[in-house]
1. Could you grab the pairs with beta carbons closer than 9 Å, sequence gap of 6+ or different chains, first residue in the range 316-332 and over 18 Å from residue 367 (Cα atoms) and modelled with pLDDT of 95 or more, second one of a type in the set (A, V, I, L, M, F, W, C) and not in a helix (DSSP H, G or I)?
2. Condition (residue is within 20 Å of the chain's Cα centre (by Cα), of a type outside the set (A, V, I, L, M, F, W, C) and at pLDDT 95 or above) applied to the range 340-349: is it met by at least one residue?
3. Being within 20 Å of the chain's Cα centre (by Cα) and of a type in the set (A, V, I, L, M) is the filter here, so list the residues in the range 7-34 that pass it.
4. Given the conditions (1) within 11 Å of the ligand (Cβ to nearest atom); (2) under 30 Å from residue 75 (Cα atoms); (3) touching a residue at least 40 places away in the same chain (Cβ under 8 Å), which single one is not true for residue 274?
5. For the range 63-71, check the following and say yes or no: at least one residue is assigned to a loop (DSSP other than H, G, I, E, B) and in contact (Cβ under 8 Å) with a residue 24 or more places away in the chain.
6. Do you know which residues across the range 38-62 are in contact (Cβ under 8 Å) with a residue 12 or more places away in the chain and of a type in the set (S, T, N, Q)?
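The values are calculated or read from the model by the stated rules, or taken from the named source; none is laboratory data. Since we're looking at a predicted model, the values are computed, not measured. Because the Cβ atoms are built from the backbone with ideal geometry, glycine has one as well, and the counts that use them run over all protein chains shown.
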Amino acid sequence: MQYYSLNKQAPAVSFKEAVIKGLAPDKGLYFPSEIVKLDDSFFKSITQMSHVEIAFKVIESFVGNEIPEQDLKAILTDVLSFDFPLVEVKKDVFALELYHGPTLAFKDVGARFMARCLGYFNKKEKQQEEVTVLVATSGDTGGAVASGFYDVPGVNVVILYPSGKVSDIQEKQLTTMGKNITAIEVEGTFDDCQAMVKQAFLDGDFKGKRNLTSANSINVARWLPQMFYYFFTYKALVHLKKEIVFSVPSGNYGNICAGMMAQKMGLPIKHFITGTNVNNTVPHYLKAGEYLAKQSVATISNAMDVGDPSNFIRIQELHNRDIAKLRLNLTGYSFTDDQTREVMLDLYDNYKYVSDPHGAIGYAALEKYLSSQEALIGVFLETAHPVKFLDVLPEKIKKVVAIPESIIEIIKKEKKVERIFEYQELKTFLLK
Ligand SMILES: *Cc1c(COP(=O)(O)O)cnc(C)c1O
């Protein structure tokens, strides 16, 4: 499989090269040159297949022959070693809980898959070349990347996070790993962290000295495995014989875009709904027809505080850059923090369901859409465990959240970080 740059000013590359580079040299995102449809026999037998078998069929064409079948299956077995429960919140409305992985974030699947692909490519090279994964996090990405890449040979990971702006649990998750994982606490905002990462990628002084890559969802190996969730859901719900819509709480639009890739491969999905907080660039675009990139605003669903979503260009590519076509497949709604809290309370009071602020936005958007539709099954993606957002949960919900064992362990560990104020310090550190 070849991947081309969406800026069209760089040569097409293999899967391996796309994973190692992250972003194309012309700063475009990589996109697969072909989306192969799965045949009828796959969909007919899906209920008899295991998660690993399904995942293999789905990702096979995107990896091509660069990882042999047995190795790819071993990677997938390792990556998918936890549950993806569907909880029926009320009739025909399901929460797809994606937070049962090691760091309780849906990003675990993508981070683990990308890490294992990089580890595989490194092992194969005789002349082992080290790769440095550089990533900025507003909270959830950092933990998933730290855990996913821990102890992967030939890969060093450097994670930048804004001091005092991630939750205590999130901070522990990314600062207590050690070994090949370094956390850098930046005196500044998430935007400052992201700006430093971007500057490093553009900095010619690393050429020939460090292979820098990104572990954000712009990387195809982090983005594509998110397709699995949609196939697993179909497997679990196909017996209900109704059409399915998915509501996805969105920030950088990698997750929902992966769902659209699944649909392109033939998975019967009736419609997509995107829920956002007040960082509503995409819902605004769908309504008004103009795309206005904005500075992000801080909210209680902070993993979605994105003003200019990087994967939206992939969504446009999937819909022939035609807004009319996109509107037929995607509806968007945005919600304030007050509304988000109300929805968390509604879910708890009426259905005894404890959600986190991101999942609550997914549910709220789904409800809004379903109010004008009939005879559909609605699935909203619950993208993080509520325990990671304890400080913003309504008081009575906070009291009932069970603290998982892994969190109790991690809270006891000691934080280890490098502290920096500006780009030059990051550069010195990376070149050391
Ligand atoms: C990253 C994240 C999102 C947003 O996902 P995108 O793929 O960036 O749209 C939503 N919820 C949580 C909890 C996240 O960590």
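1. Going by the 9 Å Cβ cut-off, the qualifying pairs are 316/6; 317/6; 317/29; 317/31; 318/31; 318/35; 319/330.
2. No, the range 340-349 contains no residue that is within 20 Å of the chain's Cα centre (by Cα), of a type outside the set (A, V, I, L, M, F, W, C) and at pLDDT 95 or above.
3. Passing the criteria: 18, 19, 20, 23, 24, 29.
4. With (1) within 11 Å of the ligand (Cβ to nearest atom); (2) under 30 Å from residue 75 (Cα atoms); (3) touching a residue at least 40 places away in the same chain (Cβ under 8 Å) applied to residue 274, the lone miss is (2).
5. yes
6. Listed by number, the residues that qualify are 47, 61.
So that you can scan it fast, the table gives a plain yes or no per residue for (1) closer than 30 Å to residue 422 by Cβ; (2) within 16 Å of the ligand (Cβ to nearest atom):
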residue: 95; (1), (2): no, yes
residue: 98; (1), (2): no, yes
residue: 105; (1), (2): yes, yes
residue: 118; (1), (2): yes, no
residue: 121; (1), (2): no, no
residue: 133; (1), (2): yes, no
residue: 139; (1), (2): yes, yes
residue: 145; (1), (2): yes, yes
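One line per residue, one yes/no per condition, for (1) away from the ligand (no atom under 14 Å from the Cβ); (2) crowded, with 16+ Cβ neighbours inside 10 Å; (3) touching a residue at least 24 places away in the same chain (Cβ under 8 Å):
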site: 191; (1), (2), (3): yes, no, yes
site: 208; (1), (2), (3): yes, no, no
site: 248; (1), (2), (3): no, yes, yes
site: 253; (1), (2), (3): no, yes, yes
site: 259; (1), (2), (3): no, yes, yes
site: 265; (1), (2), (3): yes, yes, yes
site: 269; (1), (2), (3): yes, yes, yes
